[in-house]
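Have a look at the structure below before the remarks.
The values are calculated or read from the model by the stated rules, or taken from the named source; none is laboratory data. In this text the structure is predicted, and so the values were computed from the model without any measurement. Reconstructed Cβ throughout: ideal geometry from the backbone, glycine too, with neighbour counts over all protein chains shown. Please note that ligands, DNA and RNA were not included when accessible areas were found on the heavy atoms of the full protein model with its side chains. Shrake-Rupley method; radii C 1.70, N 1.55, O 1.52, S 1.80 Å.
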Amino acid sequence: MNIADIAEVQFDAASFWEAAKTHRLLVARCNACGEAHYYPRQICPFCRADDVELAPASGRGTIYSLSVTERPDHRRVVAYVTLEEGPTMMTRIIDAPQDIAIGDAVTVDFEASPDGLTVPVFRRT
Amino acid sequence: MSRACIVGAFEHPTRKAEGISVAQLHMQSARGALADAGLTFDDVDGYFCAGDAPGLGPMSMLEYMNLNVSHFDSTDSGGSAYLVHVAHAAQAIATGKCNVALITLAGRPRAAGMKSAKMPLAPTPDTPFEAPHAASIVEMYGMVAARHMHEFGTTSEQLAWIKVAASHHAQHNENAMLRNVVTVEDVVNSPIVSAPLHRLDCCVVSDGGGALVVTSEAVAKSLSRPLVAVRGSGEAIRHPSAGRIDLTTSAAAVSGPRAFSEAGVTPADIKYASIYDSFTITVLVALEDLGFCEKGKGGAFVADGNLISGIGRLPFNTDGGGLCNNHPSNRGGMTKVIEAVRQLRGEAHPAVQVADCDLALAHGTGGSLATRHGSATLILERQ
Ligand SMILES: [Zn+2]
């Protein structure tokens, strides 16, 4: 089972992945309690109501933490980014400069993953 | 009050299991622990194992060992599972479900050619959001270290002291994979794997296994081994909380206080601690969450040899731990309990044995500290 197959049967987040194909980042927010969450579920993980909506995110955030691995051909950066909307998500920072750091402002971009998902990544703003 | 006791403990001496199957390692470890206790396979009426055991839950291993038990448990929280098993065995014994519980662990990632642990790809709801980034376990723990450094000013040199202490202990363990004593400079000058973690911040990859035998106090008193009682236990799972992640606190902040409360003791009473050490940062975060120091003060606590037996306030991982000795199946919880039992019996290497060691703590962290993980804490007492 590859990652895209796994995503396909996690029905909660279907619209998230559909939007990602056209390079739009959605964030899940509950209409009952008003809280945003990540990763998207159809049942709110805070108040457990069924009233969750996926709406466009600003695409701006800040780096909460990161780990930098220098590869022969590129700098690989795994990170947690805190979105303007509130939730913190696991991602990567692409084209990162050497002084990339916690607290840096970042903007969303998208990358095709090898097994067929288009996934949100970030670059320094 | 009657307390369950750990009467048998065995650490498989191999570190590279060429030509030995995982099932065989489990059974060799079981045989060693039962022999240590003065019991036989026929005495076992409870069996505990986790995901490293081949097959569905305990079924295949029970068949392989040809055991028939009246109680079983295959709770899996990664490397901390075996501490959970000790606690669950004590609970099962207290409620009369079994009298002699056998717990086994084994694996051969080294012989199988595994260089570093990768997160398994499972059809879980989180997988599509994490797996595409293919974060290695070092990158995951690197993020924990980076955040701890950012919030509290923790340094690579402070983290290095944890490895330095482990190496001081490992020099006396003839089975340890890394027996050379290292300095803070050695650690911080070793190659960076994933910043801020260096190669020497990481544990070894080793084959092997271990087993424990837990019995009722009545059975334990009929045997000739020193009585090591389970005085307190705690377990907890922590996860990214739907996007409200806090990487500097672990599930030990729940499992630790529960174990201390049940035992009726405080961190200041603990004479020896086995702390799961997949990475140096794993130890630092656990020490803070368990209450050995304030949150954020772990760096100062571990510095200047404070974890070295005979020198520091809190001797830890006197077998060399996962950082230097052994990390069988990439799951370090079993060996944590085994060394705590050695210390409480007075059977640790004389160079690292803690004087009059009558109260010890063992702590495990399983899964990934940066996402979903399970912590388990045991407080063990020599009676
Ligand atoms: Zn809600």
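At-a-glance table
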| quantity | calculated |
| --- | --- |
| Among B:F292, B:I281, B:T266 - extreme Cα towards positive end, dipole of the stretch B:265-383, charges at beta-carbon | B:I281 |
| Over chain B: helical MRE at 222 nm, DSSP H runs n ≥ 4 each giving -39500 (n - 2.57), nearest 500 | -9500 deg cm²/dmol |
| From phi via Karplus (6.51, -1.76, 1.60), per-residue ³J(HN,Hα) for the stretch B:342-347 in Hz, x at Gly/Pro | 4, 4, 5, 7, x, 10 |
| Most to least accessible of B:Y64, A:Y39, B:Y276 (protein chains only, probe 1.4 Å) | B:Y64, A:Y39, B:Y276 |
| Scaled radius of gyration (Cα, divided by 2.2 N^0.38 Å) that the stretch A:3-124 gives | 1.10 |
| Stokes-Einstein D in µm²/s, Kirkwood radius over Cα pairs - the stretch B:24-180 at 37 °C with 0.692 mPa s viscosity | 174 µm²/s |
| Karplus (6.51, -1.76, 1.60) ³J(HN,Hα), θ = phi - 60°, over the stretch B:269-275, in Hz, Gly and Pro reported as x | 7, 6, 8, 8, 9, 9, 10 |
| Peptide B:244-255 - average C-beta neighbours from other chains (10 Å radius) | 2 |
| Net charge over other residues, Cβ less than 11 angstrom from the Cβ of B:V100 (K, R count +1; D, E count -1) | -3 |
| Segment B:A111-B:D269, length gained on full extension (0.36 nm per residue, minus Cα span) | 52.8 nm |
| Qualifying trypsin sites (Lys or Arg not before Pro) in the stretch B:108-212, DSSP loop, other Cβ atoms within 10 Å at most 13 | B:K115, B:K118 |
| Out-of-range pairs (alpha-carbon distance over 22 Å; input B:K221/B:K336; B:K271/B:K297; B:K97/B:K336; B:K221/B:K271) | B:K221/B:K336; B:K97/B:K336; B:K221/B:K271 |
| Volume in Å³ per residue [convex hull over Cα atoms, computed for chain B] | 127 Å³ |
| Ranking by accessible area, most exposed first, for A:V68, B:V193, A:V106 with a 1.4 Å probe | B:V193, A:V68, A:V106 |
| Accessible area of A:D50 in the full protein assembly, 1.4 Å probe (Å², nearest 10) | 130 Å² |
| Spatial extent of the protein assembly as shown: Rg and Dmax, with the Cα atoms as the point set, Å | 23.1, 71 |
| Net charge of neighbours whose Cβ lies under 11 Å from the Cβ of B:G367, counting Lys and Arg as +1 and Asp and Glu as -1 | +2 |
| Accessible area (Å², per residue) of the stretch B:238-301, counting only protein heavy atoms and a probe of 1.4 Å | 32 Å² |
| Charge context of A:L54, other residues only, Cβ under 13 angstrom, K/R +1, D/E -1 | -2 |
| Helix-only mean residue ellipticity at 222 nm for chain A, each DSSP H run of n ≥ 4 adding -39500 (n - 2.57), per residue, nearest 500 | -3000 deg cm²/dmol |
| Surface accessible to a 1.4 Å probe, A:E18 within the full protein complex, Å² | 110 Å² |
| For the stretch B:58-69, Karplus couplings with θ = phi - 60° (6.51, -1.76, 1.60), whole Hz, Gly/Pro x | x, 4, 5, 5, 5, 5, 4, 7, 6, 9, 10, 10 |
| Contact surface A-B: accessible area buried, both sides summed, square angstrom, 1.4 angstrom probe | 3000 Å² |
